[in-house]
Amino acid sequence: MPSPDAVAHVRARSPFVDDLPEPEGTLHGAVLPSPVAHGRILRLDTAPALAMPGVAAVLTAADVPGENQIGGIVQDEALLAQGEVHHVGQPVALVVAATPRQARAARDLIALEIEELEAVFDPRRAAERGKLIAPARTIACGDVDEAWARCATIVEGRADSGAQEHLYLETQACLAVPEARGRLHLFPATQSPSGVQRITARVLGLQMHDIEVEVQRLGGAFGGKEDQATPWAVMAALAAHRLARPVKIVLGRGEDMRMTGKRHPYSTDFRLGLDGEGRFLAFEATYYQSSGAAADLSTAILQRTLFHATNAYFVPNVRVTGFCCRTNLPPFTAFRGFGGPQAMFVMESAIAAAAERLGRPARELQELNLLRENDPLPYGMRVRRANARRSFAEAVERFGLGRRLREIEEHNAASPLLKRGLALMPVCFGISFTNASLNQAGALVHIYTDGSVSLSTAAVEMGQGVATKIRRIAAGALGISERRIRVESTSTSRVANMSPTAASTATDLNGMAALLACRMLASRLRTSAAELLDVRAEDLELRGERVLLSGEVTDLGWNELVAATWKRRVDLTAHAFYSTPNLHFDPEEGRGRPFAYHVFGTAMVEATVDLLRGTATVDAVHVVHDAGRSLDPLVDRGQAEGGIVQGLGWMTMEDLVHAEDGRLLSDSLATYKIPDLHFTPTALEVVFLEDAANPAAVLQTKAIGEPPFMYGIGAFFAIRNAICAARPLAVDRFVAPLTNERILGMLDGKREEQGARSEE
Amino acid sequence: MSEGGIRLILNGEAVTASMAPGGVVLDFLRRERGLRGTKEGCREGDCGACTVLLGERAGSGMRYRAVASCLLPVAELAGRHLVSIEGLDGERLSAIQRAIVEEGATQCGFCTPGLVVALTGFLLTSPGLGEEDAMEAIDGNICRCTGYASIRRAVRRLVDGLELEPGALETRHEALAAAGLLPPLFAGIAARLDALEHAPASADAGGIPVAGGTDLFVVEAARLRKERLRLLSRERRGEPVSEEGNLIVLDAASTMEELRQSPLLEACFPSWRRFLGLHSSTLIRNRATPAGNIAHASPIGDMSVVLLALDARLQIGRDGERARTVALDRFFLGYKETDLAPGELITRILVPRPAPASRFNFEKVSRRQHLDIASVNTAFSCTVEDGAIGTARLSAGGVAPIPLYLAESSAWLSGRPVSVATALGAAERAAAEITPISDVRGSADYKRRLLRRLVLAHFVTCFPGLPQEEIAHAIA
């Protein structure tokens, strides 16, 4: 059956927050952002705005009835600035007016005087000054210091990767509707309904049961609506609560780009040691994460960086340390991969450095060092069903690596001005929230007396197809058609204490909870059927909307069974709960088993560099990916392809440019470019690994959201290899994204271009 | 403009717009009409989520264009057929909708309505009905979820299933409606438009002149909302491209897409279609005009740079007065400052027909190859006589406060042999003739080095016989 979501989308019958019918009297909010990166508020005069037509209120920190605090992990972020501002775009005041236009016009009249203080934008400089969000974190194994002496080759250098704007097409938005008896009903575009509920209660001084948060769907999120959706929702709630009127806030594109956080930029020092054959003996790295002005999810993201320091390779001696550096930029946040891509970029840079130093292809070093079954990762967890070598070998064979390399060599010999390059990109990505507590989910399933089913979980549908997958899981467990099942909106009143829809875990966790709930119901229905048919329940199964007895169809159908079970006064509602078993991690020790399992795969990426114009094109991406036993190949393929292209964008054209004073210059789609259909290679092929059942997740599947993103990193090295075919490059500087400006700099032998960051 | 509001047919219904004529159609649909299938993604024509179809009477039938409703003034709706996603959504899924569903080419769904409308635009307006034609038609639709692979598969499924001859464009909508590819409301729409009573679709002579508005409404939408507009699209007189003696004449208010499709220009200037494809997306080219591109005087305007190299002249007129002619290379006076007096309009653009053995090339490097503003763009044209360059014209954008005619480099080139040494010499001279600044599109140093490279690219492209190894050696 086609996904009901897809059908609604093509008919434009999938309302997003800004499309919801507005209750009569709805007011509209506009947010006044700080114009400076760091400063002390000297004067905030809202009177001129209040005098404007249509304006109902101007709210500042003084109007917060509860705590003016929205920080999740670390409580270091005010909803509305109080005393100081810490980044350009930080919300200072909220204007509420009859129309969005009136609200914005009035906002621009607020008098705000700020005494500027020194701002820091470079994470290394922040670290030097001790501006850290949390103490440094380290993961280590073996004895790195001892190992260097045994290395035949040691390479060291610096690898920098840039920020990335999520560019979900639906901007941040929330509609807040006051209801009877002091209740607030919020409709935010968030990945974290319970997070919004919890923080709203804190800020408004209410109890969580006073607030219902409901999400039908998101117009894209990619991590950008995990924590970053919260302030706008809480502001709408604050205004609705104060004014007892419905209030809507929808950020314009420029507002969204300037005020919200993005993928963390990292600057990293690395050192990799190899033995005479090219086996990795030791790896050391120090990551300077630019965390922005508040913690947001930065510490968790840094933790995942450390977990993925060695990507898909076995390294016996490792020591990696990371700093969350407080910089005067909007708080950087979750984005597909959650610190993993930044780590893998460093590891692959180190491998490229070693390969170029040794005059050997990087793929030889990659292949030699890929993880084997039971190999330990630096945090002590051993990889099981390690498909690193299998996927690499299959990619090499299936996509004809040898033939492609010959073609490239011949092409490069014959073409003076166009050079081609190829890179392989293995990926090993751990699945589970790195904060073990979050690995839990609940599901609530009702069967109505007409046989239709209502299913609620904590999963937010944002295009990743989680609703489609969970519907399929439930239909299978109940033995009925998917048409009977409605996957409901995500509501804090139906499922409490939800983890955010994040970390690729939505289907793993919520699918399993739904499966358990449906199994409970199926069991009750079988018991009921056994009594009706006077047989043993163990001999019955539900399939094809019928009751089967020892595999034979009986006269008892789904509708009759449901009706009869209700008559027998049996509960047709089930709630189930799932928590991922055997997860533990000690952050102090840096050891444990933080992941349920790992996802593996290998990409083969080809690129062409135009030496004359200093431009590059990604020609092809071929991937062998371990998707477990895919529940829905259409959905999984779409997730893989979409992730890959976002990864290509991160490595090539997506470049956030700030002015020296911290203002974002690339604050529109005209100046911040994401892949379009011309950029995306026509040759984009994803093949799922056969026989890759995964007992560690629901119905032998594997999580798919994040891992493919990292195949995009191969584009950086494919382009680099193409440049190397024309001229050698320094092996101690790796800077992404490879914009055209940087490519021409590399071609012109400008060392500073290779290292230059826009903010330096 | 009619005082009683603007009359149009919206999907199947004749309606009156009460919004200010200077407002944009996106707001008309979403706020005034409550039609919220058309999405706001960026409000600057860069994402395609708000794509609508604008239909007007043409010959015996209709002509439709897919446009970005966020940049389309409501005034343009007078006497037109406006089609939003709601008008394309029938009882059953259309072939376009089915193809998207079956190939999983929608994920979050936010860009999907715009995609459905743009693909409908493809069916209605594309001369060819192949896969690449369809992909071209949706090149302005940004999707952050799918990576476009499933969209391409959906397009393939759609075009493979078409049992339709392209046929005449003016009656294409009738054929598509008859074939069930469009909803019935398209049948007989031309007659309904003829019967629609609306104020004469003449321009408001006292209003602010708007050509395509694709830049104006990005920058000044708030101001324009309250203004009266003079729609130059309503003052079209002749063909988009015609010939007068040795001159090619471009109607200044023709759309970039019309110019791109011109067989005459493609015949005169190799790769013309590709060059104009680099200008912007289909959605923007369907509205943007060469006069707008020039009058806006952006230092990076692609069309200005192209026309500078082609030695274009502008005919500039004032209502009721005789037009004067200005060479384009004298038209730009300073940053966003031109030789256009208040009340004057560019009416026609005159381009000399190229001599038989002449060359032309356009180069543009931007962050993203398509749908982006250049870091540097440059155009080159020359005649060739006995292995030597005759007259040459070199221009560049993004390197000075104005779109720059590189007079010294051009003069230096005249009479030089076609050689690598000449190419290198021109590149050096061009780089010395410019004054780029550092901005979001690149550092000044980058732009200088880039122009040098692009001048070499002109030579490599125009003179394929030049030894590429020597060029490669020279830049290594």
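The values are calculated or read from the model by the stated rules, or taken from the named source; none is laboratory data. Please read all numbers here as calculations on a predicted model, not as lab measurements. Note: ideal-geometry Cβ built from the backbone for every residue, glycine included; neighbour counts use all protein chains shown. The protein model used for the area step is the full one, side chains on, heavy atoms only, and it has no ligands, DNA or RNA in it. Shrake-Rupley method; radii C 1.70, N 1.55, O 1.52, S 1.80 Å.
Here are the criteria: (1) open to solvent by 50 Å² or more (accessible area, probe 1.4 Å); (2) among the charged types (D, E, K, R); (3) within 14 Å of chain B (Cβ to nearest Cβ). Tell me which single one A:Arg137 does not satisfy.
Only one criterion in (1) open to solvent by 50 Å² or more (accessible area, probe 1.4 Å); (2) among the charged types (D, E, K, R); (3) within 14 Å of chain B (Cβ to nearest Cβ) is unmet by A:Arg137, namely (3).
Do we have B:Ala432 as open to solvent by 30 Å² or more (accessible area, probe 1.4 Å), at pLDDT 95 or above and under 26 Å from A:Arg742 (Cβ atoms) here?
For B:Ala432, the condition - open to solvent by 30 Å² or more (accessible area, probe 1.4 Å), at pLDDT 95 or above and under 26 Å from A:Arg742 (Cβ atoms) - is met.
The rows are residues; the columns are (1) in a loop (DSSP other than H, G, I, E, B); (2) touching a Phe, Trp or Tyr at 6+ places or on another chain (Cβ under 8 Å).
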{"residue": "B:Leu8", "(1), (2)": "no, no"}
{"residue": "B:Met19", "(1), (2)": "yes, yes"}
{"residue": "B:Asp27", "(1), (2)": "no, no"}
{"residue": "B:Arg36", "(1), (2)": "yes, no"}
{"residue": "B:Cys42", "(1), (2)": "yes, no"}
{"residue": "B:Glu91", "(1), (2)": "yes, no"}
{"residue": "B:Gln97", "(1), (2)": "no, no"}
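Conditions (1) within 24 Å of A:Leu27 (Cβ to Cβ); (2) open to solvent by 10 Å² or more (accessible area, probe 1.4 Å); (3) free of Cβ contacts under 8 Å to residues at least 40 places away in the same chain, marked per residue:
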position	(1), (2), (3)
A:Gly220	no, no, no
A:Gly224	no, no, no
A:Ala229	yes, no, no
A:Ala236	yes, no, no
A:Arg245	yes, yes, no
A:Asp256	yes, no, no
A:Thr286	no, yes, yes
A:Ser290	no, no, no
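Conditions first: (1) in contact (Cβ under 8 Å) with a residue 40 or more places away in the chain; (2) within 21 Å of A:Ser14 (Cβ to Cβ). B:Arg63 passes all but one, so which condition is the exception?
(2)
Could you tell me which of the residues A:Ala627, A:Ala640, A:Ala616, A:Ala620 is closer than 12 Å to B:Cys145 by Cα, out of contact with any Gly (no Cβ under 8 Å at 6 or more places or on another chain), more than 8 Å from chain B (Cβ to nearest Cβ) and aliphatic (A, V, I, L, M)?
It is A:Ala640.
Yes/no per residue for (1) open to solvent by 10 Å² or more (accessible area, probe 1.4 Å); (2) within 11 Å of another protein chain (Cβ to nearest Cβ):
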| residue | (1), (2) |
| --- | --- |
| A:Asp661 | yes, no |
| A:Ser668 | yes, yes |
| A:Leu677 | yes, yes |
| A:Leu689 | no, no |
| A:Asn694 | no, no |
| A:Leu699 | yes, no |
| A:Met710 | no, no |
| A:Phe716 | no, no |
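Can you tell which of A:Asp619, A:Asp655 is part of a loop (DSSP other than H, G, I, E, B), open to solvent by 10 Å² or more (accessible area, probe 1.4 Å) and not polar (S, T, N, Q)?
On inspection, the qualifying residue turns out to be A:Asp655.
Collect the residues in the stretch B:287-331 that are under 25 Å from B:Ser366 (Cβ atoms) and over 21 Å from the mean Cα position of the chain (by Cα), keeping them in residue-number order.
Correct list: B:Asp329, B:Phe331.
Taking interchain pairs and intrachain pairs at least six residues apart, which have beta carbon atoms under 9 angstrom, with the first residue in the stretch B:128-139 and facing chain A (nearest Cβ under 9 Å) and the second of a type in the set (D, E, K, R)?
Pairs found: B:Met135/B:Arg152; B:Asp139/A:Asp676.
Out of B:Ala118, B:Ala137, B:Ala75, B:Ala105, which single residue is over 22 Å from A:Ala8 (Cα atoms) and open to solvent by less than 10 Å² (accessible area, probe 1.4 Å)?
Just a single option satisfies the conditions, and that option is B:Ala75.
Select the strands (runs of 3 or more DSSP E) contained entirely in the stretch A:1-60, then report the ones holding at least 3 residues which are open to solvent by less than 50 Å² (accessible area, probe 1.4 Å) and closer than 27 Å to A:Arg326 by Cα. Walk me through how you get there before you give the answer.
Working: elements: A:27-33, A:39-45, A:55-59.
By residue number, A:27-33.
Which of the following residues is among the aliphatic types (A, V, I, L, M) and open to solvent by 10 Å² or more (accessible area, probe 1.4 Å): B:Leu307, B:Leu328, B:Leu283, B:Leu340?
Only one candidate qualifies: B:Leu340.
Which members of the stretch A:431-461 meet the condition of being touching a Phe, Trp or Tyr at 6+ places or on another chain (Cβ under 6 Å) and part of a loop (DSSP other than H, G, I, E, B)?
A:Ser432, A:Asn439, A:Thr449, A:Gly451
Just to be sure before I move on: is A:Arg104 among the basic types (Lys, Arg), modelled with pLDDT of 95 or more, surrounded by fewer than 17 Cβ atoms within 10 Å (Cβ to Cβ) and within 32 Å of the chain's Cα centre (by Cα) in the structure I sent?
no
Would you confirm, using the coordinates I've provided, whether A:Glu212 is within 25 Å of A:Ala502 (Cα to Cα), away from chain B (no Cβ under 14 Å) and either over 26 Å from the mean Cα position of the chain (by Cα) or surrounded by fewer than 24 Cβ atoms within 10 Å (Cβ to Cβ) (or both)?
yes
Output the strands (runs of 3 or more DSSP E) that fall wholly within the stretch A:475-569 and possess 2 or more residues being farther than 18 Å from A:Val460 by Cβ, or say none.
Where strands (runs of 3 or more DSSP E) fall fully within the stretch A:475-569 and carry at least 2 residues being farther than 18 Å from A:Val460 by Cβ, they are A:540-543, A:546-549, A:552-557.
Please verify whether A:Glu538 is in contact with a helix residue (DSSP H, G or I) (Cβ under 9 Å, 6 or more places away or on another chain), more than 30 Å from A:Asp691 (Cβ to Cβ), in the same structural domain as A:Ala506 (by TED's automatic domain parsing) and exposed (fewer than 15 other Cβ atoms within 10 Å of the Cβ), treating the condition exactly as stated.
So A:Glu538 fits the description; yes.
Yes/no per residue for (1) among the acidic types (Asp, Glu); (2) touching a helix residue (DSSP H, G or I) at 6+ places or on another chain (Cβ under 8 Å); (3) at pLDDT 95 or above:
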site	(1), (2), (3)
B:Thr38	no, yes, yes
B:Glu44	yes, yes, yes
B:Tyr64	no, yes, yes
B:Val67	no, yes, yes
B:Leu72	no, yes, yes
B:Leu82	no, yes, yes
B:Glu86	yes, no, yes
B:Leu123	no, yes, yes
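Output the residues belonging to the stretch A:627-651 that are within 19 Å of the chain's Cα centre (by Cα) and assigned to a loop (DSSP other than H, G, I, E, B).
Once the filter is applied, which keeps residues that are within 19 Å of the chain's Cα centre (by Cα) and assigned to a loop (DSSP other than H, G, I, E, B), the stretch A:627-651 yields only A:Ala627.
I'd like the full set of residues that are without any contact (Cβ under 8 Å) to a residue 60 or more places away in the chain and either touching a strand residue (DSSP E or B) at 6+ places or on another chain (Cβ under 7 Å) or not assigned by TED's automatic domain parsing to the domain that holds B:Gly161 (or both), limited to the stretch B:67-111.
B:Ser69
Of the residues B:Leu466, B:Leu451, B:Leu424, which is within 28 Å of the chain's Cα centre (by Cα) and more than 10 Å from every other protein chain (Cβ to nearest Cβ)?
Result: B:Leu451 is the single residue among B:Leu466, B:Leu451, B:Leu424 that is within 28 Å of the chain's Cα centre (by Cα) and more than 10 Å from every other protein chain (Cβ to nearest Cβ).
Within the stretch B:384-395, can you find the residues that are surrounded by 24 or more Cβ atoms within 10 Å (Cβ to Cβ) and either of a type in the set (S, T, N, Q) or within 14 Å of another protein chain (Cβ to nearest Cβ) (or both)?
The answer is B:Ser395, and nothing else.
Conditions (1) closer than 21 Å to A:Asp610 by Cα; (2) open to solvent by 10 Å² or more (accessible area, probe 1.4 Å); (3) part of a loop (DSSP other than H, G, I, E, B); (4) assigned by TED's automatic domain parsing to the domain that holds B:Ala295, marked per residue:
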| site | (1), (2), (3), (4) |
| --- | --- |
| B:Phe360 | yes, yes, no, yes |
| B:Leu371 | yes, yes, yes, yes |
| B:Ala379 | yes, no, no, yes |
| B:Cys382 | no, no, no, yes |
| B:Leu454 | yes, no, no, yes |
| B:Ala457 | yes, no, no, yes |
| B:Thr461 | yes, yes, no, yes |
